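Reviewing the structure listed below.
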Amino acid sequence: MPQRSLKLRALLFLYGNGNILGCALALLGPALLFAGVIDKGWLLITAGLYVAGCLLGRKAPELERRIEDSLSVEQTLERLDRMVAQAQPHLTEDMRKSLDNVRGSVGEVLPRLVGAGSHGDDLFTVRETVLRYLPETLANYVALPPAFRITHAVKDGKTARQLLGEQLGLLDAKLREIVANVASSDAAALVANGQFLEKKFRQPDFLAS
């Protein structure tokens, strides 16, 4: 993982759930002071509330970053389904739609590619998508503080939310293309088979010369 700058680490902490929850709980200190509930030591109580909030909110949600390539197709798709379900609450509606499309394309084409053992480039693309690219991308996104994802530009003036939306859209389009390629190949094979059968069985009468 690339070394993060001090500024970036500071921003991640500032936008982090721990700091936000800590600040929210720390506000209880002055509120209790003004309400007359506490008097001396209110600063220590406020600091303690902030620390408690940081500890409660510091654990970021985690997603699986890679799916083992030793799994069967069924097991791989099960892991993919679990990962998609965990990521859904953190995504926009458009992202969810693209991700659902990606999952549908993978589920349709991966068993056929693996079973056929052909379409080498397409199979590599699909497997890398399922095993490495998609898990790592989603895990990195979900690990970012929610406020940071939508407010801080991280590349080319775009936020993490914008970048992920673009990436999922591109991935959706690519996998649709792969599904079409595989379907086209199957259709070509069916046409060839049909022509062969027509030639062989054009004359249904066994006795005709």
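Annotations for the structure displayed:
- Of the peptides 134-147, 63-76, the order by per-residue mean of other Cβ atoms within 10 Å, starting with the highest, comes out as 134-147, 63-76.
- Label-point separation, Arg96 to Glu64 (7 Å along Cα→Cβ), nm: 2.2 nm
- Extension gain, Ala52-Arg132: 0.36 nm per intervening residue step, less the Cα-Cα distance, totals 25.2 nm.
- Residue among Val106, Ala147, Leu170 farthest towards the positive dipole end of the stretch 73-182, charges placed on Cβ: Ala147
- Per-pair calculated FRET efficiency, R0 = 35 Å: Ser185 and His152 via Cβ, rounded to 0.05: 0.20
- For the stretch 70-114: rounded, prolate or oblate by the Cα gyration tensor [a/c cutoff 1.5]: oblate
- Distance violations [Cα-Cα > 26 Å] among Lys97/Lys174; Lys7/Lys40; Lys7/Lys174; Lys7/Lys97: Lys7/Lys40; Lys7/Lys174; Lys7/Lys97
- Theoretical gain in end-to-end length, Cys23 to Gln195 [0.36 nm per residue, Cα-Cα removed]: 54.6 nm
- Kirkwood Rh and Cα Rg combined as Rg over Rh, evaluated for the stretch 73-182: 1.00
- When +1 charges are put on Lys and Arg Cβ atoms and -1 charges on Asp and Glu Cβ atoms, the dipole computed for the stretch 73-182 relative to its Cα centre reaches about 280 debye.
Laboratory data are not the source of any read-out in this text; all were calculated from the coordinates shown. No experiment lies behind these values; they were computed from the predicted model shown. Glycine gets a Cβ as well: all are built from the backbone with ideal geometry, and neighbour counts include every protein chain shown.
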